[in-house]
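Below is one structure, written out as structure tokens; the observations come after it.
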Amino acid sequence: MVKQTIQIFARVKPTVRKQQQGIYSIDEDEKLTPSLEIILPRDLADGFVNNKRESYKFKFQRIFDQDAKQEAIFENIAKPVAESVLAGYNGTIFAYGQTSSGKTFTITGGAERYSDRGIIPRTLSYIFEQLQKDSSKIYTTHISYLEIYNECGYDLLDPRHEASTLEDLSKVTVLEDPDQNIHLKNLSLHQATTEEEALNLLFLGDTNRMIAETPMNQASTRSHCIFTIHLSSKEPGSATVRRAKLHLVDLAGSERVAKTGVGGQLLTEAKYINLSLHYLEQVIVALSEKHRSHIPYRNSMMTSVLRDSLGGNCMTTMIATLSLEKRNIDESISTCRFAQRVALIRNEAVLNEEIDPRLMILCLQKEIQELKDELALVTGEQRTEALTEAELLQLEKLITSFLEDQDPESKLEVGADMRKIHHCFHYLKKLLTDKKIHGPSRAPSSEVKDQVNQGPSTEEEYKKLREILQQRDNEINILVNMLKKEKKKAQDALHSSSMDRGEPRRSQSSPFPPGNPEGLRTLPLSAPTQAQDSSVIQYRSSLLHRKTGVREEMSLGRQEAFEIFKRDHADSVTIEDNKQILKQRFSEAKALGESINEARSKIGRLKEEITQRHVQQVALGISENTTVPSAPDPMEEKLRSQLEEEKTRYKTMFTRLKALKVEIEHLQLLMDKAKVKLQKEFDAWWAEEATSLQVNSPPVNLFNHVKPFPQTPESQHKRSQLLSNQSDVYTRKILPSPGPLLHSQEQSSTGTRLEDSIAKRPVSSVPLTGDSQTDSDILAFIKARQSILQRTGKCPFPQKVASETPRQAKGVAGPGAPTLLGKAPVPSPQEGGWPRCP
Ligand code: ADP
Ligand code: MG
């Protein structure tokens, strides 16, 4: 930034008459600052009377006397400004003075001699000379030529019109943008690549100005002319452009209206001219005063156009042209006073650098192309802006297989291509978002989603399955122990019961009153409770209990009834089947889990081997001072194929394990559901039964009212198979039979078989459900039953024998009737119907 006041120079026009020389004198003070002293003549020859002072002194930067040549004017005034313009600063040189004081001569030059060339042609010449000398920058020169007359702007270089009057030329208007920058609309800019072109433009403008001038408008006197050289420069390859303007201003005559001595139209014009200069003066005064915030630039077109030149971003120079004749003394003093004020104005010129967006775009495009070329050279392939469809597809396949890969060490490798990396992230984000929206439980809309769900839960599921397996192992062990103990106890009980047969018997029909089916509650429960102690079993037990809500409250007798009800229930076959399948699946899952573990460790080993092999090969290459052989190592290849095989195996097994888990879960749910249903039906049956027992007496009649248990042909068949295998039988009926009364013999047979199937079977042959609660119920029943048998030798269960006579029902066993602990032949299923029991 260059801070400096407006430079003021004075130029005195040569006078014809020698006697005028005594009017002024040019001196220099001790600081070598020149001053112009205007001495007032004593005579009143021109009517100017001064009684107060004899002389006025005005200081100037430099004063050019009458003999000053155009060359000197240029060298001392214009050249420094031109240089700063070439450096990128704005510059203005304006000539101010009364009409015929030599403004035009100074700015443009005389028309007669080449040596009379003024500042404009010399500056153009100088600038183009400098431009040619400097090849480090690219310069562009444009020329505009504006005339302001009566507050109207005219484009003196209007290419469309040949001016015969000023009004023929394009009118130029002043526009101001939000940043208060001035724009001249319709002012044409003409590029001048050489001095000649620029001079041609100057002459074109001067000609237009001359033609347009009429005696009426006296444009040359009453208008302001601004010849502007627009210079832009930039270094090759740079987007930074320096722009500078040089205004060369030929102002209108500064003489006052009063002195024009004209009337009518001319007077109006003179007012305008003076008004325009008046506003210029106002601006100058405002600028020269400190703390003035408002500068009235907008008052006139001229001050608007020269805004930057006055108190702005410009290095400005004023040339006060003086025609120091006796008659012009007042105007000369006025001009000098004006110059003194102007000299107070401080301008701040800055370098006008800006980044040309077009150039910037071009530079960036060039750089991009260069980088692309470089990249293509390195990668060996041309890179486009976006990935192709095929590339996108390939990437998505890669992502999918990456997600499917159960190997936690698998990698997603897309190469050092940011476009691909970004696409992967976008794709994964999309998958994640979709998953969040649809939820993990829903069926995913695509395979990939499913794979996303699989990935993270793999380890978890596997762990869970292993835990379940462990639980089942524990459960089975406990139950086996229990069964062993129970078997032993049952054998002991059988043995002791046969010993205790002489003990007084209680009523055979029922040891408890019908209204007290829960009577067995008082009996000591000697059933093993180890199973219940197991937390694992308790877990499922409580789970089921939460669903049924009653199991733990059951009395022993009721439990016994429930077990029979359950076993003979139509659903029992399904439950049993499911139990078997479940057991199979568990053991399969267990084996699969072990195999998966093996496969996993094998994969780890293979990987390690491959790495080792690779390292060995490289080390071998280094030791032999050869590069790594380009041919693949067969050993490594073999290991890799093994690895792939193992991975495939791993995946297959894992998929199977996953499917197993689903199946197991499903079976467990099915069984739970069936158990709940069974419990519910049993409760209903039990309640009905209990009510019937209370209402009806003797008990023999009750049996006819008992509803049959639901049964299926399968259950009947299964039972027949089971019972046909039994060697020892009981001779007692314990369950209600169906409505139609059966033949006595049939009843006897079925009763025996049933009894046998329930209580007399060796404990080891009792089918276990695999469910702790159910199995413990079974065991509890057996235990309780055997305990009762030991003590009473009677059935602790409400007996229902459809064909029993009242006597029989009261405990007296008739011939052929079932007797407790007695033996009866085992009928085949064909021999008679099954009792309709649950
Ligand atoms: P202005 O433009 O201020 O009205 P001009 O530049 O037209 O005045 O000058 C009026 C006349 O004086 C012109 O004929 C011009 O040639 C002549 N003149 C002005 N200054 C000089 C000078 N320094 N040397 C010689 N002739 C001059
Ligand atoms: Mg002139």
Segment 301-328, residues that are closer than 19 Å to Leu184 by Cβ, hydroxyl-bearing (Ser, Thr, Tyr) and modelled with pLDDT of 90 or more: Thr303, Ser304, Thr316
The one condition in (1) buried (at least 16 other Cβ atoms within 10 Å of the Cβ); (2) closer than 25 Å to Asp405 by Cβ that Phe586 fails to fulfil: (2)
Residue satisfying all of: in segment 152-167; in a loop (DSSP other than H, G, I, E, B) and open to solvent by less than 50 Å² (accessible area, probe 1.4 Å); nearest to ligand 2 (Cβ to nearest atom) among these: Leu156
Some residue of segment 327-337 being among the basic types (Lys, Arg) and in contact with a Ser or Thr (Cβ under 8 Å, 6 or more places away or on another chain): no
Close pairs (9 angstrom Cβ cut-off, 6 or more residues apart or separate chains): free of Cβ contacts under 8 Å to residues at least 60 places away in the same chain in segment 217-237, of a type in the set (Val, Ile, Thr) and within 11 Å of ligand 1 (Cβ to nearest atom) anywhere: Gln218/Thr99
Residue check for His438: open to solvent by 60 Å² or more (accessible area, probe 1.4 Å) and modelled with pLDDT under 75: yes
Filtered residue count, segment 173-228, keeping only those that are open to solvent by less than 80 Å² (accessible area, probe 1.4 Å) and away from ligand 2 (no atom under 16 Å from the Cβ): 19
Residue, nearest to the chain's Cα centre (by Cα), within segment 405-419, restricted to residues that are open to solvent by 70 Å² or more (accessible area, probe 1.4 Å) and acidic (Asp, Glu): Glu413
Top-ranked residue of segment 75-125 - restricted to ones that are of a type in the set (A, V, I, L, M) and away from ligand 2 (no atom under 16 Å from the Cβ), ranked as nearest to Arg341 (Cα to Cα): Ile77
Lone qualifier among Ile127, Ile143, Ile77 - being within 16 Å of ligand 1 (Cβ to nearest atom) and closer than 23 Å to Leu251 by Cβ: Ile77
Sole exception among (1) within 16 Å of ligand 2 (Cβ to nearest atom); (2) modelled with pLDDT under 90 for Val249, by number: (2)
Members of segment 329-382 that are farther than 14 Å from Ser238 by Cβ, part of a loop (DSSP other than H, G, I, E, B) and at pLDDT below 80: Gly380, Glu381, Gln382
Out of Leu310, Leu322, sole residue that is open to solvent by less than 10 Å² (accessible area, probe 1.4 Å), more than 18 Å from Arg346 (Cα to Cα) and either touching a helix residue (DSSP H, G or I) at 6+ places or on another chain (Cβ under 6 Å) or among the charged types (D, E, K, R) (or both): Leu322
Set Tyr149, Tyr96: member being closer than 21 Å to Thr316 by Cβ and either hydrophobic (A, V, I, L, M, F, W, C) or open to solvent by less than 50 Å² (accessible area, probe 1.4 Å) (or both): Tyr96
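The values are calculated or read from the model by the stated rules, or taken from the named source; none is laboratory data. Since this is a predicted model, take the numbers as computed values, not measurements. Note: ideal-geometry Cβ built from the backbone for every residue, glycine included; neighbour counts use all protein chains shown. These area figures cover heavy atoms from the full protein model, side chains too; ligands, DNA and RNA do not enter into them. Shrake-Rupley method; radii C 1.70, N 1.55, O 1.52, S 1.80 Å.
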